[in-house]
1. Among (i) 23, 54, 23, 0; (ii) 25, 44, 22, 8, 0; (iii) 22, 46, 21, 9, 2, only one was calculated for this model; which label is it, if the read-out is P(r) over Cα pairs in 20 Å bins from 0, in percent?
2. What is the sum of charges, Lys and Arg at +1 and Asp and Glu at -1, for the other residues whose Cβ falls under 11 Å from the Cβ of Leu340?
3. Which cross-chain or sequence-distant (5 or more) residues have an amide H under 5 Å from the amide H of Gln73, H modelled 1.01 Å from N in plane?
4. Per-residue counts of other Cβ atoms within 10 Å, averaged by peptide: what ranking do you get for 142-154, 351-363, highest first?
5. Grab the beta carbon distance between Leu178 and Ala111, set R0 = 45 Å, and tell me the FRET efficiency rounded to 0.05.
6. Which cross-chain or sequence-distant (5 or more) residues have an amide H under 5 Å from the amide H of Leu183, H modelled 1.01 Å from N in plane?
7. Say R0 is 41 Å: what FRET efficiency, to the nearest 0.05, do Arg64 and Thr262 get from their beta-carbon distance?
8. If I take every Cα pair under 8 Å that is 6 or more residues apart in the chain, average their sequence separation and divide by the length, what percent do I get for the relative contact order?
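Quick note: the coordinates plus some simple rules give every number you see, no bench work behind them. In this text the structure is predicted, and so the values were computed from the model without any measurement. In this analysis, Cβ positions are derived from the backbone assuming ideal geometry, glycine residues included, and neighbour counts consider all displayed protein chains.
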Amino acid sequence: MSNDASQPLYQQIYQDLVAGIRAGTWKDGDRLPSEKELADQYHVSRITSKKALEMLSTAGCIQRIPGKGSFVQQGASAAGTLPGEPATSAARSGDRNRPLLIGLIMPDFDATYGIGLLAGVEKACAEQGIFLILRRSYGDQKMEERSIEEVMLLGVDGILIMPVHGEHYAPKILRLILEGFPLVFVDRRLRGLNAPFVGTDNLEAARHATDYLLNAGHRCISFLSPSCDHNTAIEDRTEGFVKSHAAHGIAIDETLWLSNLTATLPGLSTPEVIQQDVQAIQDLIRNRQEITCLFAAEYNIALLAASAVRSLGLRIPEDISLVCFDSPGNFMHDHAFTHLRQREAYMGETAVGLLLRQIRRESGPTESILLEADLILGSSTGSQPGSRMNPAIGS
């Protein structure tokens, strides 16, 4: 195998096969080693060996016959310079015989978050003449693995992925990173894995919003979130909330928090689970009447919180303020919630640019780009209210 460690393994296998055809190891009409034979020889996955053979087919070197194998095309050994050969500077600069094809894998998207990111990715791809394949994992790691396999089999040149968080990393993601395949994490990262990342600076964003609340006089703020286990975005938002309190010299009281809400997790948004979460927030507000503000780590949690507050006969923001991450816009640009707006479209465009640099080997394998979030003032926050003791929520 070629010793150029800067290239992905499929590219190195491709170059070795091209060199063999040039040298006459395989002549016109000869059958090349199969995907399995190449995978065993190079100690790589079959996805990697398959991509190398697909590149040869695209370059016109071989003909792939289902059930039979891959055969050297007539005159391939005498053909001109082929894409990816070490001697060609054009190949190293990214020139190709076909448009680039990239995959985008994300759990889901809607008006609250994701559509803007998808629009940014699509816009950048259209401007660069890149074809895009979209797959949704629905927050399921097995579906994520299947999606990766599908886009790889289609011969993508790189992958943008918003990874599913879990106790263990998806094996296919680990394999792609180890093999040097162009891959960029978007919005979320997997700690401990050295791979490029583009996302919001969640820590700084949460700190900024908490600074705003503390400066408005709020001292008893409840932080509402799902479990932050293995979820880097929630971990960073929690840390930003804590750091803001520390900077203001205000002690944190974690007994005011709810950090085990589940209704917003993939596959758990059933009416029963939603009601359980609303009830938990109601109980917290009822039992801890010193709370003057709720900070929801996600927009849908803010919806749960608003329902809980109003069901107790309280008003937003007169009795209790509410802040969250993300919020859908509307025609009038009015915002029900004060929220942190992530720069989704720019995130998508930036991710495509970073992936292109990975494909062309123009950037390091661990480049990270953190984007600011904008604090948008809505109608859900006010300065610290007076006593809100209300017989309707008595013990």
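1. Computing P(r) over Cα pairs in 20 Å bins from 0, in percent and matching it to (i) 23, 54, 23, 0; (ii) 25, 44, 22, 8, 0; (iii) 22, 46, 21, 9, 2 gives (ii).
2. Numbers: positive: Arg207, Arg237, Arg341, Arg343; negative: Asp201, Glu204, Glu298, Asp326, Glu372, Asp374.
Taking every Cβ under 11 Å from that of Leu340, the sum is -2.
3. Here the answer is Gly29, Ile62, Gln63, since their amide H atoms fall under 5 Å of that of Gln73.
4. By packing density, highest mean first, the sequence is 351-363, 142-154.
5. Values: r = 37 Å, r/R0 = 0.83.
Efficiency at R0 = 45 Å is approximately 0.75.
6. Sorted by chain and number, the residues that satisfy this are Ile159.
7. On the way: r = 47 Å, r/R0 = 1.16.
My answer for the efficiency is 0.30.
8. Values: 705 pairs, mean separation 63.9, N = 395.
Averaging sequence separation for qualifying contacts and normalising by length gives 16 percent for the chain.
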